[in-house]
1. Does region 55-72 contain any residue that is β-branched (V, I, T), surrounded by 15 or more Cβ atoms within 10 Å (Cβ to Cβ), assigned to a helix (DSSP H, G or I) and modelled with pLDDT under 95?
2. Have a look at E242, E188 and point out the one that is of a type in the set (D, E), modelled with pLDDT of 80 or more and not in a strand (DSSP E or B).
3. Just a yes or no: is a residue in region 131-146 assigned to a helix (DSSP H, G or I), of a type outside the set (A, V, I, L, M, F, W, C) and in contact with an Asp or Glu (Cβ under 6 Å, 6 or more places away or on another chain)?
4. Select, from A128, A88, A56, A69, the only residue that is over 26 Å from R175 (Cβ atoms), under 11 Å from the mean Cα position of the chain (by Cα) and not acidic (D, E).
5. Would you tally the residues in region 73-96 being touching a Gly at 6+ places or on another chain (Cβ under 7 Å) and either of a type in the set (A, V, I, L, M, F, W, C) or outside any helix (DSSP H, G or I) (or both)?
6. With respect to P99, determine if the residue is part of a loop (DSSP other than H, G, I, E, B), modelled with pLDDT under 95 and not assigned by TED's automatic domain parsing to the domain that holds L195.
Amino acid sequence: MTRIVSTYGLTVALLSAFLTVSPSAHAASPGEQAVATAAQNNQFAFVMFYRSNDTAAQTMHGTIKSALAERRDAVIVPVQINDKAEQALIRKFDATRVPMPAVAVLAPNGAVCSVFPQKVTSHQLTAAIVSPGQASCLKALQDKKIVVLCAQPAPSTEIPVGVRQFQADKLYSNRTEVVSVLASDPGEAKFLKQLRVPTNQRTSVVAFMAPPGVMVGVFNGNVTRNELAQKLAAAGKCCVDENCKHHQAAGKQPSRR
């Protein structure tokens, strides 16, 4: 099995830290309001955490500002980690544990696309603005869901029967997200290439993923519910029971594609 987290520019450690704290009810801070407004406007929020206005912080802010200068789909949200008003947002991202300065890139749907501590380049920043399909997959994986991405040859193409049967199975229904994209969509081309999903097929292609970021496999549209379940079990991701025999069996074998 292949981990796909690195493809998204995330590390498992940072991702885990950034998703451990659930937001509590409180009056939204300026930073939280800015993130919410960006989401409403279908914009990416580049949340820059900094301790002081030192050279490193100024350099990072300048790089972000320059990279996003011509874009209308992204905004910068500066957050000083000593600001008492922003403590809820800081705790949510566990930002005090990240080397400063740091920038977290949030998609409009709330998915954490990338985290860059201390230094960042313009190329890294623009690459962090991911496609809608990738953002949907990231959000589902970060919500600890199984993801079945269907690359469809036409807008009218139905989701493969095997995928629908898998999603309907009571063992997987509550923790499975089916994401559909058009295989020929140029906006999704980079993402599909990263996943090694062919885009020139006459039928659907299915990319099967499990949290935190494991590529279980890529299949054609004829994949069955049983095949998906078997591959998931072989990857040790069939259920959430850590004592499951499939978890144990997967842990004894080397990773493979």
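1. The initial filter retains those residues of region 55-72 that are β-branched (V, I, T), namely 55, 59, 63-64.
Keeping just the survivors that are surrounded by 15 or more Cβ atoms within 10 Å (Cβ to Cβ) gives 63-64.
Right, trim to assigned to a helix (DSSP H, G or I) and you get 63-64.
Right, trim to modelled with pLDDT under 95 and you get none.
No: region 55-72 contains no residue that is β-branched (V, I, T), surrounded by 15 or more Cβ atoms within 10 Å (Cβ to Cβ), assigned to a helix (DSSP H, G or I) and modelled with pLDDT under 95.
2. On the way: E242 fails: modelled with pLDDT of 80 or more.
Answer to the selection: E188.
3. First, the residues of region 131-146 that are assigned to a helix (DSSP H, G or I): 132-142.
From the residues that got through so far, the ones that are of a type outside the set (A, V, I, L, M, F, W, C) too are 132-134, 136, 139, 142.
In the following step, the residues that additionally are in contact with an Asp or Glu (Cβ under 6 Å, 6 or more places away or on another chain) were identified as 133.
Yes.
4. Details: A88 fails: under 11 Å from the mean Cα position of the chain (by Cα); A56 fails: under 11 Å from the mean Cα position of the chain (by Cα); A69 fails: under 11 Å from the mean Cα position of the chain (by Cα).
Sole residue among the options that is over 26 Å from R175 (Cβ atoms), under 11 Å from the mean Cα position of the chain (by Cα) and not acidic (D, E): A128.
5. To start, the set of residues in region 73-96 that are touching a Gly at 6+ places or on another chain (Cβ under 7 Å) comprises 77, 79, 86, 89.
Narrowing the set further to residues that are either of a type in the set (A, V, I, L, M, F, W, C) or outside any helix (DSSP H, G or I) (or both) leaves 77, 79, 89.
The number of residues fulfilling the criteria is 3.
6. On the way: part of a loop (DSSP other than H, G, I, E, B): yes; modelled with pLDDT under 95: yes; not assigned by TED's automatic domain parsing to the domain that holds L195: yes.
In short, yes.
The values are calculated or read from the model by the stated rules, or taken from the named source; none is laboratory data. Small disclaimer: the values here were computed from a predicted structure and weren't measured. Cβ atoms come from the backbone with ideal geometry, glycine included; neighbour counts cover every protein chain shown.
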